[in-house]
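The values are calculated or read from the model by the stated rules, or taken from the named source; none is laboratory data. Keep in mind it's a predicted model, so treat the numbers as computed, not measured. Methodologically, a virtual Cβ is constructed for each residue, glycine included, from the backbone with ideal geometry; neighbour enumeration extends over all protein chains shown. Keep in mind that these areas ignore ligands, DNA and RNA; they rest on the heavy atoms of the full protein, side chains included. Shrake-Rupley method; radii C 1.70, N 1.55, O 1.52, S 1.80 Å.
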Amino acid sequence: MDFEQITDSRETLRPKIFFMEKIKRHWKSVTLGAVVIALFVGWIAKRYWLSDKTPAYLTATVTRADIENSVLAIGTLEAYKQVDVGSRTSGQLKSLKVTRGDIVKKDQLLAEIDPSLQINKLRAAQIEKEILSRDQEEKSANLRYAAWNYQRQQQLLKHDSTSRQAFEEARSKWLALKASVAALQARIRKAQTDVEVAQTDLGFTRITAPIDGEVVGIVTKEGQTVIASQLAPVILKLADMRTMTVKIQVPEADVIRTHPGQTAYFTILGQPKRRFYGKLREVESAPQNFLEEKIGSGSSSQNKDAAVFYNALFDIPNADRQLRIGMTTETHIVLDAARKALIIPTAALSALDAKGNATVRVLSSRNQLQVRKVQVGINNSVKAQILAGLNEGEQVIIGEPNDNDEKS
């Protein structure tokens, strides 16, 4: 085939090729339009039909866990035994035998007051007693003679061998000496008492430990003068730190639900994850500021608008001595507790009836909504124990669908 024949064949096929390309472009446009329409129809169906059939409820799973209902209160730590060791006699603090932090035993010597004043008082009392004793010996001898003379005058008077005046003089002297000796004996007894008091005061210059414990504070330093005229001045403070007492301030709204024997536990700031357990020993009947009220004022000094708190006490062992006086505690007094109970959020419950029953809405595995009647046990306003009506693993509704989420 020559060149001219080839050129004529291309000219003949050109219209056919152009027609085929035009058909291909047309089908591409149709296909693209169909895809866009399908996507639009799908969005409309999801927005207006499917979303109404399966709303996105907020749900929670029924699980098993421990639950408790408790009274939360703030407390402080005190030593179970704490004693202010003071001086019952006046004088200069001559020496301290201990320092802060020392562990002491009962009757151990802690401090000494200068005994000079007490020694002098004791000597004076002993001398006074001795003087009175010598005086008693002299008057007793005179009394014996006066008694003998009185008896002699009685005999002589019977035989008219003496005068009536001599008899009366002998009798009066005997009675006077008898009364004088009796008064002197009373003064000797008082002198003996003075001696014993002086001996006691001298003993008070040696200050000993009244209990086993730890020296938690030194109030008076060596060389200071203490005056025990009315109140015994405090020398140091002792505390038995082996057992601590938690003093809890319970609000009046909760105190009616607390009583001795209930389990209580607390945490401290230094160990927030460790719980210290005990049992309530006492719940005081009067508010903590009761003793601070004015006596005889005719009205209470307590602000009637102020909150009222009652002290509840329980004890805790402190063998490792990590607990210290004055620490703040976050204390829970357990009212009810259950282990491995069926638990749901309280938000899923309707209002409780008189029998402790409520209703919950359950979402089934097929997204079907069910209303169930359940029996509620412990309810601490956050979680609730379900005694009957639900099974572990089921989904309960705790909130309605969010419209903003649906429109987004």
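Could you list, in sequence order, all residues of the range 312-353 that are farther than 30 Å from Thr59 by Cβ and free of Cβ contacts under 8 Å to residues at least 60 places away in the same chain?
Listed by number, the residues that qualify are Asp320, Gln322.
Would it be correct to say that Ala319 is in contact with a helix residue (DSSP H, G or I) (Cβ under 9 Å, 6 or more places away or on another chain), under 30 Å from Val246 (Cα atoms), not β-branched (Val, Ile, Thr) and not in a strand (DSSP E or B)?
no
For the range 309-333, give me each residue that is among the aliphatic types (A, V, I, L, M), more than 10 Å from the chain's Cα centre (by Cα) and surrounded by fewer than 18 Cβ atoms within 10 Å (Cβ to Cβ).
Residues satisfying the conditions are Ala319, Ile325.
Given Val219, Val215, which one is among the β-branched types (Val, Ile, Thr) and open to solvent by 70 Å² or more (accessible area, probe 1.4 Å)?
Val219
Output the residue which, of all residues in the range 247-276 that are outside any strand (DSSP E or B) and touching a residue at least 60 places away in the same chain (Cβ under 8 Å), is most open to solvent (accessible area, probe 1.4 Å). Full working, then the answer.
Filtering the range 247-276 down to residues outside any strand (DSSP E or B) leaves 252-262, 269-270.
Next, from what is left, pick out any that are touching a residue at least 60 places away in the same chain (Cβ under 8 Å): 254, 257-258, 262.
Numbers: Asp254: 33, Arg257: 102, Thr258: 14, Gln262: 18 Å².
Looking at residues that are outside any strand (DSSP E or B) and touching a residue at least 60 places away in the same chain (Cβ under 8 Å), I get Arg257.
Residues in the range 186-203: is at least one on the phi < 0 side of the Ramachandran plot, in contact with a strand residue (DSSP E or B) (Cβ under 9 Å, 6 or more places away or on another chain), charged (D, E, K, R) and open to solvent by 50 Å² or more (accessible area, probe 1.4 Å)? Quick ask: steps written out before the conclusion?
In the first step, residues of the range 186-203 are kept if they are on the phi < 0 side of the Ramachandran plot; the result is 186-203.
With in contact with a strand residue (DSSP E or B) (Cβ under 9 Å, 6 or more places away or on another chain) added as a condition, the list becomes none.
There is no residue in the range 186-203 that is on the phi < 0 side of the Ramachandran plot, in contact with a strand residue (DSSP E or B) (Cβ under 9 Å, 6 or more places away or on another chain), charged (D, E, K, R) and open to solvent by 50 Å² or more (accessible area, probe 1.4 Å).
Touching a residue at least 60 places away in the same chain (Cβ under 8 Å) and open to solvent by 30 Å² or more (accessible area, probe 1.4 Å): does that describe Arg281?
Taking the combined requirement at face value, the residue does not satisfy it.
From the set of residues in the range 360-374 that are surrounded by 10 or more Cβ atoms within 10 Å (Cβ to Cβ) and part of a loop (DSSP other than H, G, I, E, B), which is modelled with the highest pLDDT?
Ser364
Please find, among Leu313, Leu342, Leu269, the residue that is of a type in the set (A, V, I, L, M) and modelled with pLDDT of 95 or more.
Residue meeting the stated conditions: Leu313.
When you check Leu352 against the structure, is it assigned to a loop (DSSP other than H, G, I, E, B) and within 25 Å of Ile256 (Cα to Cα), yes or no?
Yes: the conditions hold for Leu352.
Would you be able to tell me the number of residues in the range 334-358 that are among the hydroxyl-bearing types (Ser, Thr, Tyr) and over 32 Å from the mean Cα position of the chain (by Cα)?
Counting residues in the range 334-358 that are among the hydroxyl-bearing types (Ser, Thr, Tyr) and over 32 Å from the mean Cα position of the chain (by Cα) gives 1.
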